[in-house]
Amino acid sequence: MRADPKLRVLLLSPLRSRDPVSGDTAYTEALLAQPPEGVSYTPYDEAIEAGTLRVRGRKPWRHGTDAADLGVFGVRAIEVPLRKSGLAFREPWWFVSADAGSFDLIHQHLFAIRQVGPRLPVVSSAGYPLTQLYGVRERWTPRHLRGALACESVAARVFDIHEPWLRPAGDGVMTVYTEHFQRWLVERGVNPETVRVAGTALPDLALPPGDSDGRTLGVIARDFIRKGGDIALEAFRELRAADPRWHIIVATRAADAQRNVTPEPGVELVVGPDRQQVLFDLLPRIDILLAPTRSDCGAPYAVLEALQAETCVVTSDSPWLDQRLQLPAVARVPPTPSAVASAVVAMVDGDLRGAQRAARVLWRSVFSMEQLHRRLLSAYDLALLRHRA
């Protein structure tokens, strides 16, 4: 165990103020809202502002240029054409220098990092490989994906990049959301002793008690098609054809609503709701959240919020989703309308209220912050020990 009860951690993780809003910004917000006991997080924007973190190879006139920055410019001259051409994935590497007197460890979530100068211990976290995201979102062919993966792997090894979804650097430790992802990394040569399964978690949001009617479904998805919103709507139509009492609340972005949701009986469209509206207005009215995602990982935050709100969930049987999402609160089915509709009927015909109570128990016992803290602290300890050794 750590001798020092206070651990100063630089959190290089997506921020709502600087990065696209997603489950990854929610991951950052959860850690900042409720850090593990004895851990003090500093988000990367505050560290940059304080001068304890310097991003190398960018705007050298602000800090002056040295040989390290010139080296980074040289690497960028190789990296940028690879990414623009599609030979590698678009997510760039970060070259950074962190003040060793200000931090004991770096936790990098998603961002691929190369430390310049003295290195701090590193723990990374990620949900699934970029091959999965690009295969669904960008519709890259298997051949294209294999080529990009090979290019990324070779380049990251040459420049010793710690990529949270692909490889550690030096004595770094990786945490992932699922055992499936852990096996994927080990099969590609990552030392199994350096890969831990940590998952995701959600703080207690003090959500109000539910006020549902037993026949209300819900879809909450910014990225409507990738999250399976169209599948959910087709399942709803099947259910409503058999029982017109069914109702569905669809919450999505304006662009997705215009393209994918047409006015029809039983459909309540909510365009661009903020998080407070989702948590305190929409979720309490939903009996079963439909999340037949085509591409997702771990326990998505919409699913965790639903569980905490005592809302059951029907989601896909993807191996990249957390294996602990299980009945009676969560049904895992192939992402097809008929399978989703059948799962809804099975939940309603069974003990729906009992399953809803089990949803909150599942969140508390498996996906609370205390459970994530335990796993993260173990990974932090391992990284410190490996670094000292």
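Some notes on this structure:
- Odd one out for Thr336 among (1) in contact (Cβ under 8 Å) with a residue 24 or more places away in the chain; (2) touching a Ser or Thr at 6+ places or on another chain (Cβ under 7 Å); (3) over 12 Å from Leu362 (Cα atoms): (2)
- Checking every residue in region 259-279 against the condition of being touching a residue at least 60 places away in the same chain (Cβ under 8 Å), charged (D, E, K, R) and closer than 25 Å to His109 by Cα gives zero matches.
- The residues listed here are Asp287, Asp281; of these, the one that is surrounded by fewer than 19 Cβ atoms within 10 Å (Cβ to Cβ) and either out of contact with any Cys (no Cβ under 8 Å at 6 or more places or on another chain) or within 26 Å of Gly350 (Cα to Cα) (or both) is Asp281.
- Test: residue in region 220-230 that is farther than 25 Å from Trp93 by Cβ, aliphatic (A, V, I, L, M) and touching a Lys or Arg at 6+ places or on another chain (Cβ under 8 Å): yes
Okay, residues lined up against (1) closer than 15 Å to Val176 by Cα; (2) open to solvent by less than 50 Å² (accessible area, probe 1.4 Å); (3) out of contact with any Lys or Arg (no Cβ under 8 Å at 6 or more places or on another chain):
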site	(1), (2), (3)
Pro92	no, no, no
Val96	no, yes, no
Ser102	no, yes, no
Arg114	no, no, yes
Ser125	yes, yes, yes
Leu133	no, yes, yes
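- First in region 170-191 and over 21 Å from Asp381 (Cβ atoms) and surrounded by 14 or more Cβ atoms within 10 Å (Cβ to Cβ), second anywhere and basic (Lys, Arg) and at pLDDT 95 or above, Cβ under 6 Å, 6 or more apart: none
- When residues of region 360-370 are limited to those that are under 15 Å from Ala33 (Cα atoms) and in a helix (DSSP H, G or I), the one least open to solvent (accessible area, probe 1.4 Å): Met369
- Test: Arg137 is of a type in the set (Lys, Arg) and over 17 Å from the mean Cα position of the chain (by Cα): no
- Positions within region 315-333 being without any contact (Cβ under 8 Å) to a residue 60 or more places away in the chain and either in contact with a helix residue (DSSP H, G or I) (Cβ under 6 Å, 6 or more places away or on another chain) or under 26 Å from Ala206 (Cβ atoms) (or both), in sequence order: Thr315, Leu325, Gln326, Pro328, Ala329, Val330, Ala331, Val333
- Counted residues, region 290-327 - those being closer than 24 Å to Gly214 by Cα, among the small types (Gly, Ala, Ser) and surrounded by fewer than 22 Cβ atoms within 10 Å (Cβ to Cβ): 0
- Checklist (1) closer than 13 Å to Ala221 by Cβ; (2) touching a helix residue (DSSP H, G or I) at 6+ places or on another chain (Cβ under 7 Å); (3) charged (D, E, K, R) applied to Asp296, failing item: (2)
The values are calculated or read from the model by the stated rules, or taken from the named source; none is laboratory data. Note that this is a predicted model, so its numbers are computed, not measured. As a convention, Cβ positions derive from the backbone with ideal geometry for all residues, glycine included, and neighbour counts pool all protein chains shown. The area values use the complete protein model at the heavy-atom level, side chains included, leaving out ligands, DNA and RNA. Shrake-Rupley method; radii C 1.70, N 1.55, O 1.52, S 1.80 Å.
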